[in-house]
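A short worksheet on the structure shown next.
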Amino acid sequence: VRFVMNAGSSVQQRAGLRGPMALATLSLLCVVAVASSTASVGGLPSDCEKAQTLDELTRVANSYYVRGDSERAVSCFRLAAQRFPLDARAQHNAGGVLMSKGYNLEAILFLRNAVRLESRSIQYRNVLAQALSRAQKYNKAIKQYRRALRLAEEARNAEMRAAIAGRIVDTLLASGKHQLLLQEFEPHVVKASGAYAKDAHIVSGVAAAAGELAQFPRCAALYEQAMDLHPKNAFFASP
């Protein structure tokens with residue numbers, strides 16, 4: 001890592017990089033170092049090493065993943081991130097598969113780089129926020145979710161907006177921020193015209209927050225609303 005940091009400083013000086021770009025460059029180089037050291041343990045599949053392009057590497061990695069060979073899939077995705085450190089897709093794919101296997105802290109390194117490379121990607125910010133939440137870095141997760149939500153609103157992507165809002169509700173619940181959850185989301189679910197009034201997942205999350213704060217009449221009313229929206233889900237009927 002010391003070698004990589006020195007190399008990064010040299011690259012910055014030659015390219016005249018300053019500020020955020022310099023930070024991104026150093027971060028990417030550090031991820032390459034992590035990928036290199038990790039991939040060297042246990043070796044790499046030969047077909048993975050032979051792949052020349054990112055598409056080829058991704059196909060090989062996906063083939064292992066589909067077959068249930070997660071160890072080799074992770075090795076191939078790491079190698080792709082190592083070989084293509086300035087490709088947001090390579091960084092995102094490596095982070096996503098690492099998160100799916102429970103390596104949340106390592107996943108965050110790759111996912112952050114994907115966001116740095118493509119800061120307006122809703123998907124990249126959403127998945128980074130998921131990894132942060134799984135690592136119990138709730139405040140940082142909520143921050144990334146909120147940024148993703150703003151991007152979804154700007155893009156007028158109603159489906160993604162609702163999905164991200166639901167994840168914010170889940171994260172606020174997991175982090176014990178029940179009062180904040182009520183303040184932020186209850187106005188949007190209690191009115192028929194509210195942005196999330198017809199979203200059973202969000203309504204039930206607000207109900208759960210009310211229950212945690214011992215506001216039982218509000219809790220019961222909200223669970224009843226969620227049950228009306230999703231009558232086949234028994235969970236909503238028994239808060």
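The values are calculated or read from the model by the stated rules, or taken from the named source; none is laboratory data. None of these values were measured; they are calculated from a predicted model. Ideal geometry is used to build each Cβ from the backbone, glycine not excepted, and the neighbour counts take in all protein chains shown. For the accessible areas, the whole protein counts, side chains as well, though only heavy atoms, and no ligand, DNA or RNA atoms are used. Shrake-Rupley method; radii C 1.70, N 1.55, O 1.52, S 1.80 Å.
Some values worked out for this structure:
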| quantity | calculated |
| --- | --- |
| Paramagnetic reach from residue 123 in the stretch 43-81 [backbone N under 19 Å; point 7 Å along Cα→Cβ] | 54-66, 74, 77-78, 80-81 |
| Estimated vicinal HN-Hα couplings, Hz - the stretch 154-168 in sequence order (Karplus 6.51, -1.76, 1.60; Gly, Pro = x) | 4, 7, 6, 9, 5, 5, 5, 4, 5, 5, 5, 4, x, 5, 5 |
| Heavy atoms of residue 76: accessible area, 1.4 Å probe, square angstrom to 10 | 0 Å² |
| Probe 1.4 Å, all protein chains present, accessible-area order of 146, 134, 67, largest first | 67, 134, 146 |
| Under 19 Å from residue 177, Cα to Cα: lysines that are on another chain or at least 8 residues apart | 137, 140, 143 |
| Most to least accessible of 120, 156 (protein chains only, probe 1.4 Å) | 156, 120 |
| For residue 50, solvent-accessible area (1.4 Å; no DNA, RNA or ligand), Å² | 150 Å² |
| J(HN,Hα) series, the stretch 173-182, from Karplus relation 6.51 cos²θ - 1.76 cosθ + 1.60, nearest Hz, glycine and proline x | 5, 5, 8, x, 8, 5, 5, 4, 4, 4 |
| Accessible heavy-atom area order of 111, 173, highest first, probe of 1.4 Å | 173, 111 |
| Exposure of residue 193 as accessible area (Å², to 10), given a probe of 1.4 Å and all protein chains | 110 Å² |
| Accessible-area composition of the stretch 105-239, carbon plus sulfur, in percent [1.4 Å probe] | 50 percent |
